[in-house]
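The values are calculated or read from the model by the stated rules, or taken from the named source; none is laboratory data. Values in this document were obtained by computation on a predicted structure and should not be read as measured data. Note that each Cβ is placed from the backbone with ideal geometry, even for glycine, and that neighbours are counted across all protein chains shown. Keep in mind that these areas ignore ligands, DNA and RNA; they rest on the heavy atoms of the full protein, side chains included. Shrake-Rupley method; radii C 1.70, N 1.55, O 1.52, S 1.80 Å.
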Amino acid sequence: MKEYLCQSDIQLEDNERWMSNLPEKLWDCPLYNLSIPGSHDTMSYCLDKTSPFSPEVPKILLTLAKYVPYIVRSLIYNWSTTQCLSVREQLDAGIRYLDLRIALRPDDPSFNLYFVHGFYTSVTVEKILQEILDWLKTHPTEVLILSCRDLDAVSPDLHAHFTSVIHRILDPKLCPRNECPTLRNMWKQGYQVIISDDNTLALKDNYLWPSIPYWWANTTRTSTLIHFLEKKKQNGRPAGFFTAGLNLTENAFYILSHPLGSMRKMTIPKLPLLYKWVQRQHPGKQKDAINIIAEDLIGLDGFVSAVINLNRKLRQEDASY
C-alpha cells in the first residue's frame with residue numbers, strides 16, 4: 001500500500017460537479033472572482049523514483065546521492081510527493097486548478113514531455129491530457145484551469161510540439177484568452193479548459209493564457225505562511241487569475257535534519273490551522289479577495305469543500321464584470 005494513500009473526504013462526491021451546482025447569479029461572474037480549489041504539484045503522486053533527479057534538487061543532496069543513492073532517493077521522493085490522489089480522483093474531489101510542472105526527461109531522447117518535481121514522472125503529458133479530456137466529456141459543465149509551469153526552459157521547437165499536442169487533444173474545449181471566462185459564456189460556446197503557459201512563446205497562441213501568479217511563501221512554518229499570504233492580500237490582488245499557495249516548503253537543511261520525515265508527516269499536523277485560514281477568506285473583486293487556493297495532500301481534510309463554500313459569500317455586485 002502506498003505511503004501516501006489518502007483517507008476519503010466526506011464531501012468528495014458532492015464536489016464532483018460543484019460548478020454546475022453554483023447558483024445562477026454566479027454564472028456571469030468571471031472565474032477569477034470565484035473561489036476555486038487547486039492542487040499544488042498536481043502530478044507528484046506518480047513520480048518515478050528511478051528517474052534522473054530534476055534540476056531543482058539541492059546540490060548537497062546530489063553530492064550525498066553519489067555515496068548513499070538509495071537513502072537520498074528515498075528522502076527526495078518522500079519530500080517531493082505532495083499529492084496522493086490521481087488526476088481523475090482530484091477532479092472528482094472538486095479540484096479545478098492543476099499545477100503542472102512540465103519538462104523534458106533527460107533519459108528520454110524523444111520529444112515526449114513529462115511532469116517533474118524532484119524526480120520525473122513515468123507518465124507523459126500527452127497521456128494526462130487525454131485523461132483530462134475523457135473526464136471533461138463526462139462532466140460537460142465543469143471548467144478546468146491548467147497552469148503549465150517550467151516551460152520557460154524548453155526550446156522553441158519543443159514548445160511548438162507541446163502546443164500542437166494541446167490543440168490535438170483539447171480542441172475545441174480550449175477557451176481563448178480574449179474571452180471573458182464566465183461559466184455562462186464558456187457553457188454557451190463549449191469551452192471547458194483555460195491553459196496558462198509561463199513561456200513567452202505562448203503569446204503567439206490565442207488559446208494560451210499568460211502565466212498565473214502563484215503566491216509562494218517558501219517556508220515550513222504555518223505562521224510564516226499565513227503572514228505571507230495576508231501581506232500579499234494587503235498589497236492587493238492581481239486583476240486576473242492568481243493562486244494563493246497554501247503549501248509548506250522544505251529546504252535541504254530541513255530534509256537532512258528530518259531523515260525520517262516526509263511532506264505528508266510535516267503537513268498533516270498543520271492542516272487544521274490552514275483550514276481555519278481558508279474559512280476566513282472570501283472571493284470577489286475586493287483588494288483582499290482570493291481566487292484560486294492550492295494545497296498539498298488533497299483528500300486528507302475538508303479543504304476542497306471549504307474553498308468551494310467560500311462562493312456563498314459572494315454578493316450580487318461581485319457576480320458581474
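When the range 176-189 is examined, which residues are found to be in a loop (DSSP other than H, G, I, E, B) and either open to solvent by less than 40 Å² (accessible area, probe 1.4 Å) or of a type in the set (D, E, K, R) (or both)? Matches in the range 176-189: Pro176, Arg177, Glu179, Cys180, Pro181. Among residues of the range 78-128 being polar (S, T, N, Q) and within 17 Å of His161 (Cα to Cα), the one that is surrounded by the fewest Cβ atoms within 10 Å (Cβ to Cβ) is Ser110. The residues of the range 198-219 that are open to solvent by less than 30 Å² (accessible area, probe 1.4 Å) and of a type in the set (S, T, N, Q), listed by number, are Asn199, Thr219. Applying the criterion of being touching a strand residue (DSSP E or B) at 6+ places or on another chain (Cβ under 6 Å) and of a type outside the set (S, T, N, Q) to the residues of the range 223-272, the residue that is most open to solvent (accessible area, probe 1.4 Å) is Lys232. Listed by first and then second residue, the pairs linking a residue in the range 299-321 that is at positive phi to a residue that is modelled with pLDDT of 90 or more and assigned to a helix (DSSP H, G or I), with Cβ atoms under 9 Å apart and 6 or more places separating them unless they lie on different chains, are Gly299/Glu89; Gly299/Gln90; Gly299/Ala93. Can you find a residue in the range 126-149 that is under 17 Å from the mean Cα position of the chain (by Cα), closer than 28 Å to Cys84 by Cα, of a type in the set (Val, Ile, Thr) and in a helix (DSSP H, G or I)? Yes, the range 126-149 contains at least one residue that is under 17 Å from the mean Cα position of the chain (by Cα), closer than 28 Å to Cys84 by Cα, of a type in the set (Val, Ile, Thr) and in a helix (DSSP H, G or I). Thr121 meets all of the listed conditions (1) in a strand (DSSP E or B); (2) in contact with a Lys or Arg (Cβ under 7 Å, 6 or more places away or on another chain) but one, namely (2).
Residues in the range 273-299 that are open to solvent by 10 Å² or more (accessible area, probe 1.4 Å) and of a type in the set (S, T, N, Q) were compared, and the one that is farthest from Leu26 (Cα to Cα) is Gln279. Can you spot a residue in the range 43-59 that is of a type in the set (A, V, I, L, M), within 25 Å of Glu295 (Cβ to Cβ) and in a helix (DSSP H, G or I)? Within the range 43-59, one or more residues are of a type in the set (A, V, I, L, M), within 25 Å of Glu295 (Cβ to Cβ) and in a helix (DSSP H, G or I). Residues of the range 134-152 that are open to solvent by 20 Å² or more (accessible area, probe 1.4 Å) and either hydroxyl-bearing (Ser, Thr, Tyr) or closer than 17 Å to Leu208 by Cα (or both): Thr138, Thr141, Arg149, Asp150, Asp152.
Quick one: is Asn309 polar (S, T, N, Q), under 17 Å from the mean Cα position of the chain (by Cα), open to solvent by 10 Å² or more (accessible area, probe 1.4 Å) and modelled with pLDDT of 95 or more? It is false that Asn309 is polar (S, T, N, Q), under 17 Å from the mean Cα position of the chain (by Cα), open to solvent by 10 Å² or more (accessible area, probe 1.4 Å) and modelled with pLDDT of 95 or more. The criterion of at least 3 residues that are closer than 28 Å to Asp198 by Cα is met by the following helices (runs of 4 or more DSSP H) wholly inside the range 220-313: 222-235, 303-309.
Yes/no per residue for (1) hydroxyl-bearing (Ser, Thr, Tyr); (2) touching a residue at least 12 places away in the same chain (Cβ under 8 Å):
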site: Ser164; (1), (2): yes, no
site: Leu174; (1), (2): no, yes
site: Lys204; (1), (2): no, no
site: Ile212; (1), (2): no, yes
